[in-house]
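Where a number appears in this text, it was derived from the coordinates with a stated rule and is not lab data. Small disclaimer: the values here were computed from a predicted structure and weren't measured. Methodologically, a virtual Cβ is constructed for each residue, glycine included, from the backbone with ideal geometry; neighbour enumeration extends over all protein chains shown.
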Amino acid sequence: MNISYTILIPLIPLAVFLLLGLNSKRIKPAISGYIGVLGLSISAALSFYTAYQYFFVNGKVDGVYQTFVNKSVWMHFTETLHIDMGVLIDPISVMMLIVVSIVSLMVHIYSRGYMKGDDGYTRFFAYLSLFTFSMYGLVLATNLFQIYIFWELVGVSSFLLIGYYYTKPSAVSAAKKAFIVTRFADLGFLIGILIMGYFAGTYDFETLNNPEGSVILSWASTSFMGLSVITWALLLIFMGGAGKSAMFPLHIWLPDAMEGPTPVSALIHAATMVVAGVYLVARLFPMFYFVEHGFALNVVAYIGAFSSLFAAIIAITQTDIKRVLAFSTMSQIGYMMLALGVSGYDGHEGVGYMASMFHLFTHAMFKALLFLGAGSVIHAVHSNYLKDMGGLRKYMPITNITFLIAALAISGVPPFAGFWSKDEILVAAFEHNMLIYYVGVFVAGLTAFYMFRLYFGIFWGKEQTYKHPPHESPISMTFPLLVLALLSVVGGFIPFGEFVSADRMGFEGHLNYPLAAIATGVGLVGILLAWVFYKKENSLSDIYAKAFGPFYKWTSDKFYFDEIYLFVTKKILFNGVSRPFAWFDRNVVDGTMNLIGNSTVKTSNKIKGLQSGKFQDYAFSFVMGAVIIALVFIYLWTN
């Protein structure tokens, strides 16, 4: 299969970024929007062509999907240890190409209407193109170091977009928070990569992921604190993934990231930044699975399950609609992580792996739809808060129906896309870990409840008195909503297991009717409770909020994790560690240097008269020197 053209997929958004970024003052805003959309359309077309060629024409040989690589050496260290730059085509990279292309293209089209009239319109499209280029580069990476380079570019892109409104202090603070928190996680990622390179002697994914390869076997005898070195490397690499995907306890940046424009939120949460961690674990899945009986994979499973439950509980009490969706994303990413954590490798044993990738695919569609729908609402009422909304179904029929479709999809209601992928996750959990299965079912009910709390609060409930009557968004914004709604309906019918599986051989999936009935029933109970509490104005929600007392306050304040981190950083790190170091630096290090400098100045002031340039001074010095030498000579002679 010829894949040489695939390098154009990331390079086209890069070219658009450079064109718009370097000419932001010369290109008219309307034209920059068209340039951004055109560039992404070409990349999307190439991505779809690649998917067709791979899955239906040339990708499968003797029943196994092959890996195709086009790369060249960038930095050479040893015969096996070198950093390559290139493109890797396999089932999950092709799947991610489709996800990134669809969501990014819809966000670009949507942004033409949402950002209309903004002073930084061209700059915004330049940043979007940089973000898309970074994600394309990440999913096509052939080795760990290449993925790390684009991983950091994704971080830079998110910093620029979250802090897009740079005159707004809260946006600047949110951008710095996201950047700093993920930098701590990425330090672990980098250390894991360096350990991998030192012990394995390679960064190449094909070599690392070979289940029968010498790399995995050679590390079995090398241990540290009871775990093999490879396990420590995988845990550190997962630390980077947990930071990027906002897993507990590195989740605190995600709600604040809502300070960026709403299309940015859709791009970050649906197709780029937060799913990068899931993709990273999936990319190294054979290593996670085969090393030490999957110890690192168990860590992934439990952190994913806890993050999913933790975020779902917080989402119930949030009043900013974008923050509800942010915690929803954290919860759903946790679902994907736990699915990987409970997966086997061969055939149907690998249903968790397939389910995770399937949920990543379907979630991208309905979560992008939810965020863009929220943006449409915010665009109409100029507020992010539920208290300023209500009864909008009368004014915004397209946004209403598409948001409802997305809410049904994420709630796992058949036949919408989320039902099929979520059912596969619960099947995998049921077969491997009952505790995680029960957590997954409970989270399914919570998800349905908070999503329909959001839906009823926006489109039903008490109709507010609006200063300006809300109206439906323009076609540039509603068209992406309709496309994503269609995908949220039909996406679940894709026989995903035939294309993406842990062993790349594919398998035919089957619906587990009893487990599907349980999950659907729990979801419908959540929807019913939301109907009772929020469809019409009543005091039930206030009564139950008071009944839960302090717990409700804790959840609405996100269990005070922001305050805990501030206490640790300001009181312990800054005051307890940084302040003594700063005192030592100022008084000892700087004091020593200042003492040396001042002593030199004083000494020079004392002796600078020796070179005054006056003949009489030199003559006096010469005579005095001769007299002193003569006296010394006479003294030594006489004694």
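A few comments on the model shown:
- Counting only alpha carbon atoms, the long axis of helix 397-410 and the longest principal axis of the chain meet at about 80°.
- Spin-label model distance (nm) - Glu498 vs Leu482, 7 Å beyond Cα toward Cβ: 3.0
- Take each peptide in 53-62, 596-605, count the other Cβ atoms within 10 Å of every residue, and average; sorted highest first, the result is 53-62, 596-605.
- Start at zero, step by 10 Å, and the Cα-Cα distances of the range 563-638 spread as 15, 18, 17, 15, 12, 9, 8, 5, 0 percent across the bins.
- Rounded if a/c under 1.5, otherwise prolate or oblate - the range 27-66, Cα gyration tensor axes: prolate
- Value of [θ]222 nm, deg cm²/dmol, for the chain, DSSP H segments ≥ 4, -39500 (n - 2.57) each, nearest 500: -22000 deg cm²/dmol
- For the range 277-291, 3J(HN,Hα) computed residue by residue from phi via the Karplus equation (6.51, -1.76, 1.60; θ = phi - 60°) reads x, 5, 4, 4, 5, 5, 5, 9, 4, x, 5, 4, 7, 8, 7 Hz, glycine and proline entered as x.
- Neighbour-count order for Arg504, Arg579, fewest beta carbons within 10 angstrom listed first: Arg579, Arg504
- Think of each Lys and Arg Cβ as +1 and each Asp and Glu Cβ as -1; about the Cα centre, that makes the dipole of the range 563-638 roughly 160 debye.
- Estimated FRET transfer efficiency (Lys387, Tyr565; beta-carbon r; R0 35 Å; 0.05): 0.80
- Order of Tyr455, Tyr335 - criterion: other Cβ atoms within 10 Å of each residue's Cβ, fewest first: Tyr455, Tyr335
- For the range 451-525 and the range 373-390, distance of Cα centres in Å: 20
- Cβ-Cβ distance of Ser170 and Val525, R₀ of 56 Å, FRET efficiency by 1/(1 + (r/R0)^6): the value works out to about 0.90.
- Difference of contour (0.36 nm per residue) and Cα-Cα distance, Ala619 to Asp557: 13.9 nm
- Global form of the range 124-209, assessed from the alpha-carbon gyration tensor, a/c cut-off 1.5: oblate
- Debye intensity ratio in log₁₀ form over the Cα atoms of the range 8-147, taken at each q of 0.15, 0.18 Å⁻¹: -0.77, -0.97
- Paired Rg and Dmax values of the chain, which use every Cα atom, in angstrom: 30.4, 121
- Between helix 91-114 and the chain: long-axis angle, C-alpha atoms, 0 to 90°, nearest 10: 90
- The residue among Val623, Trp637, Val589 whose Cα reaches farthest toward the positive pole of the charge dipole of the range 563-638, with charges on the beta-carbon of Lys, Arg, Asp and Glu, is Val589.
- Over the chain, relative contact order from alpha-carbon pairs under 8 Å, at least 6 apart, %: 12
- Debye, to nearest 20: dipole size of the chain, +1 on Lys, Arg Cβ, -1 on Asp, Glu Cβ: 2580
- When each of Lys387/Lys558; Lys367/Lys553; Lys176/Lys571; Lys116/Lys387 is checked by Cα-Cα distance, pairs over 24 Å: Lys367/Lys553; Lys116/Lys387
- Angle in degrees between helix 121-139 and the longest Cα principal axis of the chain, rounded to the nearest 10: 90
- Least to most buried among Ser383, Ser331, Ser539 (fewest other Cβ within 10 Å first): Ser539, Ser383, Ser331
- Three-way shape label, the range 1-51, alpha-carbon gyration tensor, a/c 1.5: oblate
- Distant-in-sequence amide H partners of Gly260 (H built 1.01 Å from N, under 5 Å): none
- The range 268-301 versus the range 138-196: alpha-carbon centroid distance in Å: 18
- Charge tally for Tyr455 (other residues, Cβ to Cβ under 12 Å; Lys, Arg +1; Asp, Glu -1): +3.
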